[in-house]
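J.: Take this structure first; my questions come after.
The values are calculated or read from the model by the stated rules, or taken from the named source; none is laboratory data. Please read these numbers as outputs of a predicted model, since none were measured by experiment. Cβ coordinates were reconstructed from backbone atoms using ideal geometry, including for glycine residues, and neighbour counts include every protein chain displayed.
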Amino acid sequence: MADKSLIAPDDFRQIYDLFQASISRFDCGRKCAPLNGGEPVCCSTQHAVPVVQKVEWELLKSRTDMWRRFKPYDRATRQIVKEIGSSCAAVECKGARFCERDNRSLACRAFPFFPYIDRAGKFIGLAYYWDFEDRCWVISNMQVVEAAFLADFVKAFEFLFQRDPEEYDNFKSHSASMRRVFSRRKKPIVFIGREGGFFEERPYGKGIRAIPAARLPKFGPYRSDRAYERALKEAQAEAAAVERHPDPHPVGDPARASA
């Protein structure tokens with residue numbers, strides 16, 4: 001691994017070339033969008049604010065007008081932007097309907113997964129961003145992840161780590177945070193192995209073992225067909241209520257932000 005970051009915009013161009021496979025043959029956005037006002041969770045800044053390195057931002061600006069700087073709309077998003085390092089930028093796209101697949105950021109291509117680094121410092125697979133357990137359909141259906149996506153993910157992040165050791169350190173730290181969170185929960189971390197298959201890392205350092213797809217976890221409205229139908233009816237009822245009685249302080253309104 002290099003001693004210091006050598007990352008440049010053209011490196012992200014190569015990363016994009018390496019990472020083109022779709023996560024699944026299914027359009028997963030069709031599963032979560034009906035529960036999210038018609039927008040996929042991963043494409044909505046109501047759920048996640050995309051953060052990119054500034055050199056990646058330079059590349060994106062040179063390729064497309066799909067992206068723009070993110071404008072915080074409440075206290076939480078202002079805090080997110082405040083905590084971003086000087087080498088990064090918060091951005092947002094025009095939305096799923098205007099997506100240009102070749103111009104997705106690395107974070108978009110990888111979502112909901114990040115490279116999982118074990119206690120020994122090895123990149124051993126794909127873990128998921130656990131904050132999205134109850135909102136992302138893929139997290140509850142990891143068996144749909146395609147082998148081509150897995151291969152592209154590994155190649156792209158290995159290249160990134162070679163060019164930017166700080167990114168490796170960031171994901172190593174994030175992996176350690178996940179172990180602490182799941183140890184407190186007394187739950188195993190379930191992840192996809194970098195060569196395929198499913199594994200769980202038991203809490204308190206009790207080791208890693210392979211598991212069958214039948215034991216993959218399910219969360220929130222994706223626990224079962226019945227849970228999904230119930231959540232869908234609730235979302236439709238809520239949307240109808242909003243249509244009848246619009247919010248006098250929509251998202252981004254100063255009155256809402258100061259409430």
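J.: List pairs: first in the stretch 91-117 and under 15 Å from residue 18 (Cβ atoms), second assigned to a strand (DSSP E or B) and of a type in the set (S, T, N, Q), Cβ under 9 Å, 6+ apart or cross-chain?
T.: Matching pairs, first to second residue: 106/53.
J.: Shifting gears a bit: Considering only residues that are touching a residue at least 24 places away in the same chain (Cβ under 8 Å), part of a loop (DSSP other than H, G, I, E, B) and farther than 17 Å from residue 179 by Cα, which ones fall in the stretch 196-219?
T.: Selection gives 196, 216, 218, 219.
J.: Can you pull out every residue in the stretch 105-138 that is over 10 Å from the mean Cα position of the chain (by Cα), surrounded by 20 or more Cβ atoms within 10 Å (Cβ to Cβ) and assigned to a loop (DSSP other than H, G, I, E, B)?
T.: 105, 135, 137, listed by residue number.
J.: Being part of a loop (DSSP other than H, G, I, E, B), at positive phi and free of Cβ contacts under 8 Å to residues at least 60 places away in the same chain: is that true of residue 85 here?
T.: Against the criterion (part of a loop (DSSP other than H, G, I, E, B), at positive phi and free of Cβ contacts under 8 Å to residues at least 60 places away in the same chain), residue 85 does not qualify.
J.: So which residues in the stretch 62-78 are in a helix (DSSP H, G or I) and either surrounded by 15 or more Cβ atoms within 10 Å (Cβ to Cβ) or touching a helix residue (DSSP H, G or I) at 6+ places or on another chain (Cβ under 8 Å) (or both)?
T.: If the condition is that a residue be in a helix (DSSP H, G or I) and either surrounded by 15 or more Cβ atoms within 10 Å (Cβ to Cβ) or touching a helix residue (DSSP H, G or I) at 6+ places or on another chain (Cβ under 8 Å) (or both), then 62, 63, 75, 77 are the ones that fit.
J.: Among the candidates 46, 14, which residue alone is of a type in the set (S, T, N, Q), at pLDDT below 90 and surrounded by fewer than 17 Cβ atoms within 10 Å (Cβ to Cβ)?
T.: 46
J.: Looking at the stretch 139-159, which of its residues are surrounded by 15 or more Cβ atoms within 10 Å (Cβ to Cβ) and of a type in the set (Gly, Ala, Ser)?
T.: 140, 151, 156
J.: Which condition from (1) surrounded by fewer than 16 Cβ atoms within 10 Å (Cβ to Cβ); (2) farther than 24 Å from residue 53 by Cβ is the one that residue 162 breaks?
T.: Of everything listed in (1) surrounded by fewer than 16 Cβ atoms within 10 Å (Cβ to Cβ); (2) farther than 24 Å from residue 53 by Cβ, residue 162 misses just condition (2).
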